[in-house]
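K.L.:
Pasting in a structure now, in structure tokens, and then I'll have a few things to ask.
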Amino acid sequence: MDYKDTLLLPTTSFAMRGNLINNEPKRYASWDENKVYDKMKTNRKDAPKFTLHDGPPYANGHIHIGHALNKVLKDIIVKHNYFNGKSVRFTPGWDCHGLPIEQQVEKKLGGKKKKELLEVSKVRQLCRDHAAKFVDIQKEEFKTLGILADWENPYVTMDFKFEANIYRTLCGVAKKGLLIERSKPVYWSWAERTALAEAEVEYEDKESHSIYVAFELSDEAKTKADLAGKKASLVIWTTTPWTLPSNTGISLHPEEKYVLTTDGYIVAKALFESLLESGVVKGEIAQEIDSKDFENQVAINPLNGRTSKIVLGDHVLMDSGTGGVHTAPGHGEDDYRVGLKYDLEVIMPVDETGCFDETIVKQKLLPNPEEFVGKLIFKCNDRILELLGDSLLQESKFIHSYPHCWRSHTPLIFRATRQWFISVDEKPKGEDKTLRNIALGEIEKTLFVPETGRNRLTSMVENRPDWCISRQRDWGVPIAFFRVKATGEVLFDEKVLNYTAMIFEMQGSDAWYSMDIASLLYPGSGYKADEVEKVTDILDVWFDSGSTWNSVLKSRNYDAGEYQADLYVEGSDQHRGWFQSSLFLSSAVEHKAPYKGVLTHGFTVDDKGEKMSKSKGNVIAPEKVLKEYGSEILRLWVASSDYQGDLKISQGILKQISENYRKLRNTFRIMLANINDLESLTAYDDMGELDKWILDVASSVFQEVHKSFSEYNFVHGMSILNNFIANELSGMYIDMTKDSLYCNAKNDPRRMASQSAMAIITKSLLLLMAPILTYTADEIIDHAPAIVKGDADSIFDLVYSDIETGESSFNAEYMTKAREGFGSIVDGLKKEKIIKNTLELIISTKSEIALNIASVDAEDWFVVSSVSNTETSEELGSFEVDGDKFTIAKATAHKCPRCWKYQAESEDSICSRCASVVSA
């Protein structure tokens with residue numbers, strides 16, 4: 001007789017192969033059509049809230065793998081909170097202003113010169129069109145990754161209302177007394193003709209000069225230092241010869257001793273030996289002088305004969321150089337600060353293109369100054385060295401890390417220009433702490449993942465200079481202030497500012513360029529249109545994104561969640577970018593951070609840890625991954641990678657992730673198939689020992705995984721989960737329960753208990769994985785029996801809950817050791833071809849722990865035909881657990897043709913269990 005038809009074999013409509021490439025787009029389209037994000041909001045209407053505020057990607061180009069990593073990680077976090085029962089908000093956004101878009105428009109027009117022939121309003125419209133195009137492109141690309149967000153109402157920084165709120169944030173900073181306009185050296189890109197913020201600076205290697213130059217002391221200075229009648233020159237060291245014409249001072253350290261050498265040079269005593277060794281000075285020490293003796297005296301600049309005041313500053317270091325720092329307040333932050341203290345003249349002979357201008361002639365800063373006008377400063381270095389003559393004591397070249405423009409990759413210069421700054425060391429009106437100290441205090445209150453982010457952001461906030469927020473470009477939110485022509489005063493009248501904001505809200509900030517002053521100026525300002533002029537600078541694009549907490553979370557224009565946001569998530573480079581700009585603007589206006597938590601991730605690299613580049617051919621594009629594997633594989637890669645460092649991705653890694661997905665999918669499939677006819681759950685107390693054991697393990701594992709996920713430690717959670725699925729669940733329990741599930745009667749209590757355990761695990765595991773593999777989880781719900789999904793239409797109708805367990809006497813530690821001991825002997829028996837299947841075996845033992853378990857449970861634990869205390873005649877092997885011996889032998893009964901257990905009385909009969917099932 002063929003007993004196959006009498007078995008309850010597993011069955012499910014859930015396919016073994018996901019066919020993700022073809023099926024994902026259909027399901028994602030249905031999510032869109034059925035407004036799943038809105039449904040998620042409705043489902044959790046009165047639940048505790050969770051707000052993840054999206055850092056805006058730049059609306060320029062297609063998304064790359066770094067974008068995919070960032071958005072998928074955010075989506076997983078948002079969905080984890082959703083399936084945890086919270087009311088979530090995730091409003092995606094785009095950064096739309098700034099230099100990269102303006103450069104793309106320039107390229108389309110045929111260059112910067114052609115762009116400059118157009119009206120500013122026309123250039124801005126072209127930039128707006130370019131940004132709008134890529135917002136739409138990127139939005140659709142993000143949707144293909146299974147990301148659920150408020151795609152119907154994203155925030156776009158060039159929207160009229162948004163621009164008005166960026167401007168209002170600027171006005172809020174001004175109202176707090178933190179906005180200042182002054183001439184100060186800033187990073188200047190001569191290639192792009194604009195000031196840059198620190199976040200726009202990249203460091204690359206550059207070859208520079210290293211020169212030592214002697215500045216002869218004036219007679220008065222020599223007399224004061226008791227050097228009258230002697231040759232005495234202060235030696236300075238610099239790497240920027242082109243700044244020497246702008247020198248107005250020499251800085252010495254206030255606490256250091258200086259020495260005069262017998263060959264007439266003055267250097268710091270602490271550096272004398274190294275300078276003697278390198279040949280900069282050649283004489284012995286002739287005299288020791290206190291640096292304070294030189295204060296406010298002058299030396300003579302050998303290039304132009306102008307005086308250079310000697311000043312004291314703590315910025316002078318003793319690890320290199322001479323102890324005498326060439327000081328040009330127009331070309332350096334430290335120079336500028338010490339120059340303020342000593343009232344040094346700020347000379348700026350360099351124009352916006354990085355060339356010497358007419359100032360060099362007017363102020364006679366160089367011999368034959370006309371030959372330098374219009375020349376790029378870096379190309380003047382060699383000629384300046386020639387002009388130094390004997391005052392140049394030593395010259396060499398070296399390679400070092402130097403600030404470069406993030407867009408043009410040209411070396412930057414420090415250039416003093418009139419710019420707008422947010423003062424970080426002023427106190428906002430009504431506060432007793434400086435803006436810097438408010439920000440530092442808020443960092444202490446913030447959760448950081450990883451914790452190292454706290455020190456990184458703290459260090460940057462502690463050491464950063466005032467924030468230069470003005471740019472000399474066309475595409476951005478204008479610093480829309482009016483300046484009184486007669487006095488130079490800027491109008492900060494609240495009604496004037498509100499009137500401008502109202503115009504921006506209705507017509508966009510383009511109005512600043514398309515409308516005349518008479519139309520823009522508040523009628524009650526007290527000034528006529530011809531008495532004021534417009535400020536023409538635009539805001540740093542980091543100001544745009546840094547103010548999104550105000551424009552998105554605090555405005556009523558978006559259903560984006562609450563201020564402060566629970567979490568900001570971006571790459572680790574944003575400690576110097578978005579995290580910092582947002583922190584300073586929120587601290588300036590609201591005196592608190594815009595976030596409660598900050599999570600940072602690393603960058604994507606190939607499997608060798610190398611940066612991706614087209615030239616290396618190691619770029620993995622999201623589009624390619626979707627076409628080859630599907631978005632679920634990309635999402636599983638994100639969750640399985642340690643994002644706290646750089647994340648490796650390659651074809652090999654994706655194949656491995658794809659294999660992990662296949663195993664996970666098939667685990668769900670076999671569990672769904674095993675529970676297809678279950679209609680009610682067996683209570684924990686009525687279950688067998690094996691069912692209680694697996695629920696106890698699953699409960700503990702799932703709680704640990706859930707805790708890891710809640711702490712955003714997905715890689716740790718996934719590792720624990722994969723280990724459980726591969727070992728206890730698939731490797732043990734699913735294998736152990738095959739006999740009762742397939743061979744027992746449909747409503748047999750033991751069979752239903754195992755089905756119940758599987759149903760409980762399936763539901764919990766499904767909801768643990770749903771934030772990561774949302775497509776698969778939703779597909780499973782389509783095929784799951786009611787015992788798992790209840791009346792849910794989709795995965796989004798369910799909430800995760802812990803598995804509840806009770807008392808169990810099963811000694812899991814002891815029995816696991818026994819199973820391992822058994823397994824090691826079985827491996828040998830199979831290798832020697834003594835057995836093919838463990839059901840051919842029986843176990844004999846005097847172990848009370850093993851014998852106290854129901855005999856069927858003990859048999860299934862080892863997957864053998866008998867576990868008893870009956871002596872065996874022919875021993876195949878033995879093992880011990882805690883002193884208890886287990887003997888393995890061949891079964892003596894006959895193989896049941898239905899269940900394959902060796903429990904039948906004769907060769908052509910079935911065992912008693914199978915007989916009762918078949919005859920029922």
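The values are calculated or read from the model by the stated rules, or taken from the named source; none is laboratory data. In this text, all values refer to a predicted model and were calculated from it rather than measured experimentally. No Cβ is skipped: glycine too gets one built from the backbone with ideal geometry, and neighbour counts run over all protein chains shown. We work out accessible area using only protein heavy atoms, side chains counted, and drop any ligands, DNA or RNA first. Shrake-Rupley method; radii C 1.70, N 1.55, O 1.52, S 1.80 Å.
K.L.:
Cβ-Cβ below 8 Å, separation at least six or inter-chain, first residue in region 379-393 and open to solvent by 40 Å² or more (accessible area, probe 1.4 Å), second acidic (D, E): which pairs?
P.N.:
From region 379-393, the pairs are R383/E371.
K.L.:
Return yes when T327 is under 16 Å from T238 (Cα atoms) and of a type in the set (S, T, N, Q) and no when it is not. Walk me through how you get there before you give the answer.
P.N.:
On the way: under 16 Å from T238 (Cα atoms): yes; of a type in the set (S, T, N, Q): yes.
So T327 fits the description; yes.
K.L.:
Pairs please, first residue from region 147-175 and among the hydrophobic types (A, V, I, L, M, F, W, C), second anywhere and open to solvent by 20 Å² or more (accessible area, probe 1.4 Å) and in a helix (DSSP H, G or I), Cβ atoms under 7 Å, 6+ apart in sequence or on different chains.
P.N.:
Pairs that qualify, where the first residue is among the hydrophobic types (A, V, I, L, M, F, W, C) and the partner is open to solvent by 20 Å² or more (accessible area, probe 1.4 Å) and in a helix (DSSP H, G or I), are W151/K139; W151/K143; M158/R128; F160/E505; F160/M506; F160/Q507; A164/E505; V173/V589.
K.L.:
Scan region 405-452 for residues that are surrounded by 20 or more Cβ atoms within 10 Å (Cβ to Cβ), under 23 Å from the mean Cα position of the chain (by Cα) and under 30 Å from E352 (Cβ atoms) and jot them down.
P.N.:
Within region 405-452, just C405 meets the criteria.
K.L.:
Here's a check for you: in region 705-714, which residue that is in a helix (DSSP H, G or I) and out of contact with any helix residue (DSSP H, G or I) (no Cβ under 6 Å at 6 or more places or on another chain) is most open to solvent (accessible area, probe 1.4 Å)? Can you show your working first?
P.N.:
Narrowing region 705-714 to residues in a helix (DSSP H, G or I): 705-710, 714.
Among the residues that remain, those that are also out of contact with any helix residue (DSSP H, G or I) (no Cβ under 6 Å at 6 or more places or on another chain) are: 706-707, 710.
Numbers: H706: 31, K707: 118, S710: 51 Å².
Per the stated criteria, the residue is K707.
K.L.:
Counting just the residues of region 231-251 that are assigned to a loop (DSSP other than H, G, I, E, B) and in contact (Cβ under 8 Å) with a residue 40 or more places away in the chain, which one comes out nearest to F378 (Cα to Cα)? Quick ask: steps written out before the conclusion?
P.N.:
Initial filter on region 231-251 (assigned to a loop (DSSP other than H, G, I, E, B)): 231-232, 239-240, 247-248.
If we keep only those that are in contact (Cβ under 8 Å) with a residue 40 or more places away in the chain too, we end up with 239-240, 247-248.
Values: T239: 11, T240: 9, N247: 17, T248: 20 Å.
Per the criteria, the residue is T240.
K.L.:
Among the residues of region 4-41 satisfying the criterion of being open to solvent by less than 70 Å² (accessible area, probe 1.4 Å) and not in a helix (DSSP H, G or I), which is nearest to D735 (Cα to Cα)?
P.N.:
Top of the filtered list is P10.
K.L.:
Here's something else I'd like to know. Suppose we filter region 82-114 for residues that are part of a helix (DSSP H, G or I) and in contact (Cβ under 8 Å) with a residue 40 or more places away in the chain; how many remain? Let's see the steps before the verdict.
P.N.:
Taking region 82-114 and keeping what is part of a helix (DSSP H, G or I), we get 82-83, 99-109, 112-114.
Filter again for in contact (Cβ under 8 Å) with a residue 40 or more places away in the chain, leaving 82-83, 99-105.
Residues flagged as part of a helix (DSSP H, G or I) and in contact (Cβ under 8 Å) with a residue 40 or more places away in the chain within region 82-114 amount to 9.
K.L.:
Next question, about the same structure. Six or more apart or on different chains, Cβ under 7 Å: which pairs go from a residue in region 419-433 that's among the aromatic types (F, W, Y) to one that's at pLDDT below 95 and part of a loop (DSSP other than H, G, I, E, B)? Could you list them?
P.N.:
Short answer, once both residue conditions are applied: W420/I469; W420/D537; F421/D466; F421/I469.
K.L.:
So, one more: Among (1) open to solvent by 50 Å² or more (accessible area, probe 1.4 Å); (2) among the aromatic types (F, W, Y); (3) outside any strand (DSSP E or B), where does Y203 come up short?
P.N.:
(3)
K.L.:
Which of the residues spanning region 113-164 are touching an Asp or Glu at 6+ places or on another chain (Cβ under 7 Å), surrounded by fewer than 21 Cβ atoms within 10 Å (Cβ to Cβ) and of a type in the set (S, T, N, Q)?
P.N.:
Within region 113-164, just S121 meets the criteria.
K.L.:
If I go through region 591-618 residue by residue, how many of them are without any contact (Cβ under 8 Å) to a residue 12 or more places away in the chain and not basic (K, R)?
P.N.:
4
K.L.:
Restricting to region 892-920, what's the tally of residues that are assigned to a strand (DSSP E or B) and within 56 Å of the chain's Cα centre (by Cα)? Let's see the steps before the verdict.
P.N.:
Let us first name the residues in region 892-920 that are assigned to a strand (DSSP E or B), namely 894-895, 902-904.
Pick out the ones that are also within 56 Å of the chain's Cα centre (by Cα) and you get none.
Adding up the residues that qualify gives 0.
K.L.:
Of all residues in region 555-577, how many are within 25 Å of A164 (Cβ to Cβ) and among the hydrophobic types (A, V, I, L, M, F, W, C)? Full working, then the answer.
P.N.:
Applying the first criterion (within 25 Å of A164 (Cβ to Cβ)) to region 555-577 yields 555-565, 568, 577.
So of that shortlist, the ones also among the hydrophobic types (A, V, I, L, M, F, W, C) come out as 560, 565.
Residues in region 555-577 being within 25 Å of A164 (Cβ to Cβ) and among the hydrophobic types (A, V, I, L, M, F, W, C): 2 in total.
K.L.:
Suppose we keep only residues that are touching a residue at least 40 places away in the same chain (Cβ under 8 Å) and assigned to a loop (DSSP other than H, G, I, E, B) within region 865-891. Which one would you say is most open to solvent (accessible area, probe 1.4 Å)?
P.N.:
D882
K.L.:
Quick check on my filter: what residues within region 167-196 are open to solvent by less than 10 Å² (accessible area, probe 1.4 Å), at pLDDT 95 or above and not in a helix (DSSP H, G or I)? So that I can check it myself, show each step before the final result.
P.N.:
Here is the first cut: in region 167-196, the ones open to solvent by less than 10 Å² (accessible area, probe 1.4 Å) are 167, 169-170, 173, 178, 184-186, 188-189, 194-196.
Applying the additional criterion that residues be at pLDDT 95 or above yields 167, 169-170, 173, 178.
Listed by number, the list holds a single entry, L178.
K.L.:
Of the numbered conditions (1) free of Cβ contacts under 8 Å to residues at least 12 places away in the same chain; (2) more than 30 Å from S423 (Cα to Cα), L340 satisfies every one except a single condition; which is it?
P.N.:
Among (1) free of Cβ contacts under 8 Å to residues at least 12 places away in the same chain; (2) more than 30 Å from S423 (Cα to Cα), the lone unmet condition for L340 is (2).
K.L.:
I'd like to know if region 532-543 contains one or more residues that are part of a helix (DSSP H, G or I), open to solvent by less than 10 Å² (accessible area, probe 1.4 Å) and under 24 Å from R418 (Cα atoms). Don't jump to the end; show me each part of the working.
P.N.:
Of the residues in region 532-543, the ones part of a helix (DSSP H, G or I) are 541-543.
Cutting the leftovers down to open to solvent by less than 10 Å² (accessible area, probe 1.4 Å) gives us 543.
Applying the additional criterion that residues be under 24 Å from R418 (Cα atoms) yields 543.
Yes, that holds for at least one residue.
K.L.:
Restricting the search to region 213-229, which residues are in contact with a helix residue (DSSP H, G or I) (Cβ under 9 Å, 6 or more places away or on another chain), in contact (Cβ under 8 Å) with a residue 40 or more places away in the chain and not in a helix (DSSP H, G or I)? Write out each step before concluding.
P.N.:
Start the filter on region 213-229 by keeping residues that are in contact with a helix residue (DSSP H, G or I) (Cβ under 9 Å, 6 or more places away or on another chain), which leaves 213-217, 221, 224-229.
With in contact (Cβ under 8 Å) with a residue 40 or more places away in the chain added as a condition, the list becomes 213-217, 221, 224-227.
Correct list: V213, A214, F215, E216, L217, A225, D226, L227.
K.L.:
Looking at region 317-332, can you tell me whether even one residue there is more than 29 Å from W190 (Cβ to Cβ), open to solvent by less than 10 Å² (accessible area, probe 1.4 Å), of a type outside the set (S, T, Y) and not in a loop (DSSP other than H, G, I, E, B)?
P.N.:
no
K.L.:
Here is a follow-up. Testing N727 on (1) in contact with a helix residue (DSSP H, G or I) (Cβ under 8 Å, 6 or more places away or on another chain); (2) in a helix (DSSP H, G or I), one condition comes back false. Which one is that?
P.N.:
All conditions pass for N727, except number (1).
K.L.:
Which of the residues spanning region 453-463 are open to solvent by 20 Å² or more (accessible area, probe 1.4 Å) and either of a type in the set (G, A, S) or more than 21 Å from the chain's Cα centre (by Cα) (or both)? Spell out the reasoning first.
P.N.:
If we filter region 453-463 for residues that are open to solvent by 20 Å² or more (accessible area, probe 1.4 Å), which is where we start, we get 454-456, 458-460, 462-463.
Hits for region 453-463 are S459, E462, N463.
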